[in-house]
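These notes are about the structure you will find just below.
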Amino acid sequence: MAVTIYDVAKEAGVSIATVSKALNDSYTIPDQTKAAIREIADRLGYRPNARAKNFARQASGTVLFITDFYQNIAFENPHMFEIISGIATYLDGKDYSLTLKPLTKQAAPLYIRDIIQQRQADALIIHAFVLSPELAAILSRVDFPYLVIGKPGFRCNICWIDVNHEQAGQIAANYLLDKGYRRMAFITGQENDALSQSRLRGINQVMSEEELSVEVVCNESPYALDDEALYGLLMRRPRPEVLLCSNNHLALHCLQYIRRIGLKVPQDIALLTFDNYPFSMLTDPAITAVEVDMHDMGVNAARFVLQRIRKPNLQTQSYCTSPCILEREST
């Protein structure tokens, strides 16, 4: 005969309500009691029915992840799927399912308002790519579990988590200074790109402490650099000792152009990129990268929204997941 919740309660010496709350990770049950009940449930082989659990907590058992899944997103933003993987992994361990919903920034406010009003999901995780002032105004007024992944580019009072890109810039600059590099050039796409500007602020903070500066080379495209500007940078005397590229696409372009004009990496000029994906570990030489564990960010996002289901007043505006250096042959 299958083990029931009554068997677990009897073995633990508690009520079935306490067992149910413990297995649903209720904040009203002490952690020590939760651990003891879970140990007994595992030992007896008790497996609660997911549908019954959802009915008991009056929930759908679903968390919705919302962003604009436009064509080529896997190429332009491979980190998106690491985030989704982290979210799905954590939710699966808590008997929740993840549903992906593609929305444009223009369509997001009305659709999300309807989801919240009709309670079609238990919580929302929203990528900042679709965030707008209109959507932020809706989120700031509702009593519904949600989290935005990515710091908003405008002032608002909503819950978000993000990577500390300024810290990533500091880590990159400190690493290169420790390696003996002094003449640095930061290669970025559009001048108004918020992520690149955050990294540049971190680089400048470290460089200014050493009474040094970093040259900035911008381009209209985030994926390629004007060859004429790159040629002028590399052919002048003295040339930069290292190029810091704001993404893998620019780093690959720089590496290919450096080879084309007969220079070598790192003998003639070193190369560092932000983010490990999608190219840095595949090139020859492999490119040193400032990496962030985006899978861990997904786990943190899922953990927060489930906590917020239990504690509706929970708020956050924070950075999580510290960047690290993946040293390779290019430096």
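So in the stretch 133-148, with the set limited to residues that are assigned to a loop (DSSP other than H, G, I, E, B) and not hydrophobic (A, V, I, L, M, F, W, C), which one is farthest from Arg310 (Cα to Cα)? This residue is Asp143.
Against the conditions (1) under 20 Å from the mean Cα position of the chain (by Cα); (2) exposed (fewer than 13 other Cβ atoms within 10 Å of the Cβ); (3) assigned by TED's automatic domain parsing to the domain that holds His249, Phe154 satisfies every one except (3). Could you look through the stretch 159-214, keep only residues that are free of Cβ contacts under 8 Å to residues at least 60 places away in the same chain and touching a Pro at 6+ places or on another chain (Cβ under 7 Å), and pick out the one that is nearest to Thr288 (Cα to Cα)? Result: Ala185. When the test is whether a residue is surrounded by 19 or more Cβ atoms within 10 Å (Cβ to Cβ), of a type in the set (A, V, I, L, M, F, W, C) and outside any loop (DSSP other than H, G, I, E, B), Ile115 does not pass it.
For the stretch 102-122, the condition of being free of Cβ contacts under 8 Å to residues at least 40 places away in the same chain and of a type in the set (Asp, Glu) holds for at least one residue. The requirement of being modelled with pLDDT of 90 or more, closer than 29 Å to Gly262 by Cβ and small (Gly, Ala, Ser) is fulfilled nowhere in the stretch 221-242; no residue meets it.
Inspect the stretch 129-144 for any residue being assigned by TED's automatic domain parsing to the domain that holds Ile87 and closer than 30 Å to Val206 by Cα and give the result as yes or no. Yes: the stretch 129-144 contains one or more residues that are assigned by TED's automatic domain parsing to the domain that holds Ile87 and closer than 30 Å to Val206 by Cα.
When Ser246 is tested against (1) closer than 21 Å to Gln197 by Cβ; (2) surrounded by fewer than 19 Cβ atoms within 10 Å (Cβ to Cβ); (3) among the polar types (S, T, N, Q), just one condition goes unmet, and that condition is (2). When the stretch 93-109 is limited to residues that are among the polar types (S, T, N, Q) and part of a loop (DSSP other than H, G, I, E, B), the one that is surrounded by the most Cβ atoms within 10 Å (Cβ to Cβ) turns out to be Thr104.
So that you can scan it fast, the table gives a plain yes or no per residue for (1) in the same structural domain as Ile84 (by TED's automatic domain parsing); (2) of a type outside the set (Val, Ile, Thr); (3) part of a loop (DSSP other than H, G, I, E, B); (4) surrounded by fewer than 22 Cβ atoms within 10 Å (Cβ to Cβ):
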residue: Glu220; (1), (2), (3), (4): no, yes, yes, yes
residue: Leu225; (1), (2), (3), (4): no, yes, yes, no
residue: Pro240; (1), (2), (3), (4): no, yes, yes, yes
residue: Leu250; (1), (2), (3), (4): no, yes, no, no
residue: Cys254; (1), (2), (3), (4): no, yes, no, no
residue: Leu263; (1), (2), (3), (4): no, yes, yes, yes
residue: Ala286; (1), (2), (3), (4): no, yes, yes, yes
residue: Glu329; (1), (2), (3), (4): no, yes, yes, yes
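Scanning the stretch 14-42 for residues that are assigned to a helix (DSSP H, G or I) and either in contact (Cβ under 8 Å) with a residue 12 or more places away in the chain or among the hydroxyl-bearing types (Ser, Thr, Tyr) (or both) turns up Thr18, Val19, Ser20, Ala22, Leu23, Thr33, Lys34, Ala36, Ile37, Arg38, Ile40, Ala41. Hey, does the stretch 54-77 have a residue that's at pLDDT 85 or above, part of a helix (DSSP H, G or I) and surrounded by 11 or more Cβ atoms within 10 Å (Cβ to Cβ)? Within the stretch 54-77, none of the residues are at pLDDT 85 or above, part of a helix (DSSP H, G or I) and surrounded by 11 or more Cβ atoms within 10 Å (Cβ to Cβ).
Checking every residue in the stretch 201-209 against the condition of being closer than 17 Å to Cys254 by Cβ, in a helix (DSSP H, G or I), in the same structural domain as Leu255 (by TED's automatic domain parsing) and at pLDDT 95 or above gives at least one match.
The values are calculated or read from the model by the stated rules, or taken from the named source; none is laboratory data. All figures in this text were calculated on a predicted structure; none of them were measured in a lab. All Cβ positions, glycine included, derive from the backbone under ideal geometry; neighbour counts span all protein chains shown.
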